[in-house]
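The values are calculated or read from the model by the stated rules, or taken from the named source; none is laboratory data. Note that this is a predicted model, so its numbers are computed, not measured. Quick reminder, even Gly has a Cβ in these numbers, built from the backbone with ideal geometry, and neighbours come from all protein chains shown.
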Amino acid sequence: MHYARKWRVEYDAGGLSKTEFILGVLDSAFYHQGKRRLVRNGAKALLELGKKEGPTEFIDIKRIRQRAGLEPKHSPTAGLYVWLEEYAGVVEKRQGRRRYRVKGEFREAFDEVVSRIS
C-alpha cells in the first residue's frame, strides 16, 4: 500500500486538502489493487454504519462485512486496509478488538468522497 503512504505524506506536507487526500487514496486503491468492489463496499459500509451508530462509535468488523456483502475470505478488514493507521491513517482500530471508525478529523471528507462513489 505504498500509494496510500505516498498520499499521506503529501497531505501531511500541506500539499492536499482532506478531500483531495481521501480521493487520491481511493482512486489509487481502485487502480493498484484492482479490488474496486472490496474497497468501495467496505468504505461505504463503515460510513453508513458510522452514521447510524454515531461518529464516535467503533463498528464491529462482522457488521461491516455483513453490510458490505463480504465474506471473511475476501478480506480480514473488509477492504478497510488502505485506510488503516499503517497506510493512510484515516480509519482507526480499537485496540485489541476488530472494531473500526473513521477518525474525527477525516470524517467529513471521507463522507463527501465515499458518498459519491458507485
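Among the residues of the range 68-94, those identified as at pLDDT 95 or above and either among the hydrophobic types (A, V, I, L, M, F, W, C) or closer than 16 Å to Arg40 by Cα (or both) are Ala88, Val90, Val91. Out of all the residues in the range 45-60, which are surrounded by fewer than 21 Cβ atoms within 10 Å (Cβ to Cβ) and among the β-branched types (Val, Ile, Thr)? Passing the criteria: only Thr56. Collect the residues in the range 31-57 that are farther than 18 Å from Val102 by Cα and either touching a strand residue (DSSP E or B) at 6+ places or on another chain (Cβ under 7 Å) or in a helix (DSSP H, G or I) (or both), keeping them in residue-number order. Tyr31, His32, Gln33, Arg36, Arg37, listed by residue number. Ser115 passes every criterion in (1) among the polar types (S, T, N, Q); (2) more than 23 Å from Phe21 (Cα to Cα); (3) assigned to a helix (DSSP H, G or I) apart from (2).
So that you can scan it fast, the table gives a plain yes or no per residue for (1) within 13 Å of the chain's Cα centre (by Cα); (2) surrounded by 19 or more Cβ atoms within 10 Å (Cβ to Cβ); (3) closer than 19 Å to Ala109 by Cα:
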{"position": "Arg5", "(1), (2), (3)": "no, no, yes"}
{"position": "Asp27", "(1), (2), (3)": "yes, no, yes"}
{"position": "Ala43", "(1), (2), (3)": "yes, yes, yes"}
{"position": "Pro76", "(1), (2), (3)": "no, no, no"}
{"position": "Tyr81", "(1), (2), (3)": "yes, yes, yes"}
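For the range 17-30, the set of residues classified as farther than 16 Å from Lys103 by Cβ and touching a helix residue (DSSP H, G or I) at 6+ places or on another chain (Cβ under 7 Å) consists of Leu23, Gly24, Ser28, Ala29, Phe30, listed by residue number. Would you check if Leu38 is under 22 Å from Ser118 (Cα atoms), within 14 Å of the chain's Cα centre (by Cα) and surrounded by 15 or more Cβ atoms within 10 Å (Cβ to Cβ)? Against the criterion (under 22 Å from Ser118 (Cα atoms), within 14 Å of the chain's Cα centre (by Cα) and surrounded by 15 or more Cβ atoms within 10 Å (Cβ to Cβ)), Leu38 qualifies.
Residues in the range 58-104 that are in a helix (DSSP H, G or I), of a type in the set (Lys, Arg) and touching a helix residue (DSSP H, G or I) at 6+ places or on another chain (Cβ under 7 Å): Arg63, Arg67. Looking at Ala29, is it without any contact (Cβ under 8 Å) to a residue 24 or more places away in the chain and among the aliphatic types (A, V, I, L, M)? For Ala29, the condition - without any contact (Cβ under 8 Å) to a residue 24 or more places away in the chain and among the aliphatic types (A, V, I, L, M) - is not met. One residue alone among Val9, Val91 is β-branched (Val, Ile, Thr), surrounded by fewer than 19 Cβ atoms within 10 Å (Cβ to Cβ) and over 18 Å from Ser118 (Cβ atoms), and that residue is Val9. When the range 12-22 is filtered for residues that are over 15 Å from Leu84 (Cα atoms), of a type outside the set (Gly, Ala, Ser) and either loosely packed, with under 14 Cβ neighbours inside 10 Å or touching a Lys or Arg at 6+ places or on another chain (Cβ under 9 Å) (or both), only Asp12 remains.
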